[in-house]
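See below for the structure under consideration.
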Amino acid sequence: MPHYNVLFLCTGNSARSILAEAILNSKGAPTFTAYSAGSHPSGTVRPEALRQIASAGFSVEGLRSKSWDEFAQPGAPHLDFVFTVCDNAAQEVCPIWPGQPITAHWGVPDPAAVRGTPQEIDRAFAQAFATLDRRISLLLSLPLASLDSLAIKNHLNSIAHQ
């Protein structure tokens, strides 16, 4: 059975990309291994993201804010897919990823940018989690081993609108 490494990118690597990493590692194992990184990592993971992940029953162990440079270095995991989950990261010049992974943009509104009551902020994190969870579930339903890279790219782009 094939194995796929997936990198989720965002600017700060503190919320959306972390959520996606946790969801895919929980739902996609052992076929998928997910990672996350940021172009300008904040250095910390938002506590609201960690609470959302834990409340879904997923592990928060090992989640940390890190630079995308870690994944462009020799010895980094070979990447099969790279997803940007924020509009800023999608517009930045990304490192050259060895092996030419399939890329897609899955923009999700930034829950960390929401200002309001704690309940409103938690709701924004829950909505981001639900959007990413739905998209990742669709990814997991694709017969990747039987599709060519163009068909996969088309499917991934259509998932971005789900």
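Could you go through the stretch 84-92 and let me know if any residue there is under 18 Å from TYR4 (Cα atoms) and touching a helix residue (DSSP H, G or I) at 6+ places or on another chain (Cβ under 7 Å).
Looking through the stretch 84-92, at least one residue is under 18 Å from TYR4 (Cα atoms) and touching a helix residue (DSSP H, G or I) at 6+ places or on another chain (Cβ under 7 Å).
Search the stretch 2-30 for residues being part of a loop (DSSP other than H, G, I, E, B) and touching a residue at least 60 places away in the same chain (Cβ under 8 Å), and hand back the single one that is surrounded by the fewest Cβ atoms within 10 Å (Cβ to Cβ).
The residue in question is PRO2.
Taking the condition at pLDDT 95 or above and over 18 Å from PHE125 (Cβ atoms), does ALA37 pass? Write out each step before concluding.
On the way: at pLDDT 95 or above: yes; over 18 Å from PHE125 (Cβ atoms): yes.
Yes: the conditions hold for ALA37.
Working only within the stretch 140-162, note down all residues that are in contact (Cβ under 8 Å) with a residue 40 or more places away in the chain and part of a helix (DSSP H, G or I). Reasoning before the result, please.
Kept after step one, since they are in contact (Cβ under 8 Å) with a residue 40 or more places away in the chain, are these residues of the stretch 140-162: 140, 144-145, 149, 152-153, 156-157, 159-160.
The answer is LEU140, LEU144, ALA145, SER149, ILE152, LYS153, LEU156, ASN157, ILE159.
Given (1) crowded, with 23+ Cβ neighbours inside 10 Å; (2) in contact with a Pro (Cβ under 6 Å, 6 or more places away or on another chain), identify the lone condition not met by VAL85.
(2)
Would you confirm whether or not the stretch 96-108 contains a residue that is over 14 Å from the mean Cα position of the chain (by Cα), modelled with pLDDT of 90 or more and assigned to a helix (DSSP H, G or I)?
no
If I filter the stretch 31-52 down to residues being over 8 Å from the mean Cα position of the chain (by Cα) and hydrophobic (A, V, I, L, M, F, W, C), which single residue comes out as surrounded by the fewest Cβ atoms within 10 Å (Cβ to Cβ)?
Step by step, filter the stretch 31-52, then rank; the result is LEU50.
For (1) closer than 30 Å to MET1 by Cα; (2) crowded, with 20+ Cβ neighbours inside 10 Å, each residue gets a yes or a no:
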residue: ALA104; (1), (2): yes, yes
residue: PRO111; (1), (2): no, yes
residue: ARG123; (1), (2): no, no
residue: ALA128; (1), (2): no, yes
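Residue-wise test of (1) at negative phi; (2) in contact with an Asp or Glu (Cβ under 8 Å, 6 or more places away or on another chain); (3) outside any strand (DSSP E or B); (4) in contact (Cβ under 8 Å) with a residue 24 or more places away in the chain.
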{"residue": "ALA34", "(1), (2), (3), (4)": "yes, yes, no, yes"}
{"residue": "SER42", "(1), (2), (3), (4)": "yes, no, yes, yes"}
{"residue": "ALA76", "(1), (2), (3), (4)": "yes, yes, yes, no"}
{"residue": "PHE83", "(1), (2), (3), (4)": "yes, no, no, yes"}
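Please indicate, with yes or no, whether at least one residue in the stretch 49-57 is touching a strand residue (DSSP E or B) at 6+ places or on another chain (Cβ under 8 Å), at negative phi, part of a helix (DSSP H, G or I) and in contact (Cβ under 8 Å) with a residue 40 or more places away in the chain.
Within the stretch 49-57, not a single residue is touching a strand residue (DSSP E or B) at 6+ places or on another chain (Cβ under 8 Å), at negative phi, part of a helix (DSSP H, G or I) and in contact (Cβ under 8 Å) with a residue 40 or more places away in the chain.
The values are calculated or read from the model by the stated rules, or taken from the named source; none is laboratory data. These numbers come from a predicted model, not from an experiment. Cβ sites come from the backbone with ideal geometry, for glycine too, and all protein chains shown count toward neighbours.
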